Amino acid sequence: MNAGAPGAATGGGAQLPFQLRQVVARFPVTLYTSKECAPCNSGRNLLNARGIPYTEKLVDTPEDGEALRRLSGEAALPFLTIGGQQIKGYSDTEWSQFLDAAGYPKTSALPGNYRRPAPTPLVAAKPAPTAPVPGAPAPSATPTAQPTPVPVAPPANNPAGIRF
C-alpha cells in the first residue's frame, strides 16, 4: 500500500478501503463553502451521508473570494470539484450523478474510525507585518554598504583556478 497516495490515510489515521482509495486518487472531491451558507450545509450533508472523503475549503475573506472567482469564474457557493469536473451550486441529483459516474459508493464505505479533515481557508493567511520595536533604529531607505569582497588568489597547485 502506498501511504503517500491521496486518500490513503486520513488525518484520523483510518485507512480507506482499497476501492474507495482508488476513486479518491483518481477523482478527489473538494467542497468550497462559507460559514453562513444553507446550500453549502446541504452539500456537506450529502457528502457526509454518502461517506465521501472530501476536502473543504472555506471562502471567508476577500482574497478567498477572488481566488474562487479565478477558479470557478464566479463567486457563487457552494462549488464542488470531483477530479477535474466543476459543479456550481447545489443540486443533490446533479452531485449524486457526478459522484456515481466517478465511481464513489452510494452508501458509506468509510471505516468507523474515519475523521474528516477540518475545513481550511481557500487562501493561506499571510503573516501580519511586524510593528517596529520602540527604540530600535528605523530601517533606512538606502541599502547599507556591503564590505567589498577581498579577492582570493587560487592556490598555486590549483591549475583550474577554481575559487571557493
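General remarks:
This table checks each residue for (1) closer than 19 Å to Pro119 by Cβ; (2) among the polar types (S, T, N, Q); (3) at pLDDT 95 or above; (4) within 21 Å of the chain's Cα centre (by Cα).
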site	(1), (2), (3), (4)
Met1	no, no, no, no
Ala14	yes, no, no, yes
Cys37	yes, no, no, yes
Asn41	yes, yes, yes, yes
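- Single condition Leu20 does not satisfy, out of (1) in contact with a helix residue (DSSP H, G or I) (Cβ under 9 Å, 6 or more places away or on another chain); (2) farther than 19 Å from Ala118 by Cα; (3) crowded, with 16+ Cβ neighbours inside 10 Å: (1)
- Top-ranked residue of region 43-66 - restricted to ones that are surrounded by 15 or more Cβ atoms within 10 Å (Cβ to Cβ) and of a type in the set (Val, Ile, Thr), ranked as nearest to Pro117 (Cα to Cα): Thr55
- Residue pairs whose Cβ atoms lie under 7 Å apart, separated by 6 or more positions or on different chains, with the first residue in region 75-103 and under 25 Å from Thr61 (Cα atoms) and among the aromatic types (Phe, Trp, Tyr) and the second modelled with pLDDT of 95 or more and in a loop (DSSP other than H, G, I, E, B), are Tyr90/Pro78.
- Conditions (1) over 24 Å from the mean Cα position of the chain (by Cα); (2) at pLDDT 90 or above; (3) assigned to a loop (DSSP other than H, G, I, E, B); (4) not hydrophobic (A, V, I, L, M, F, W, C): number failed by Tyr104: (1)
- In region 89-105, the count of residues that are among the acidic types (Asp, Glu) and either under 23 Å from Ala124 (Cβ atoms) or touching a His at 6+ places or on another chain (Cβ under 9 Å) (or both) is zero.
The values are calculated or read from the model by the stated rules, or taken from the named source; none is laboratory data. Quick caveat, the model's predicted, so the values are computed rather than measured. Note: ideal-geometry Cβ built from the backbone for every residue, glycine included; neighbour counts use all protein chains shown.
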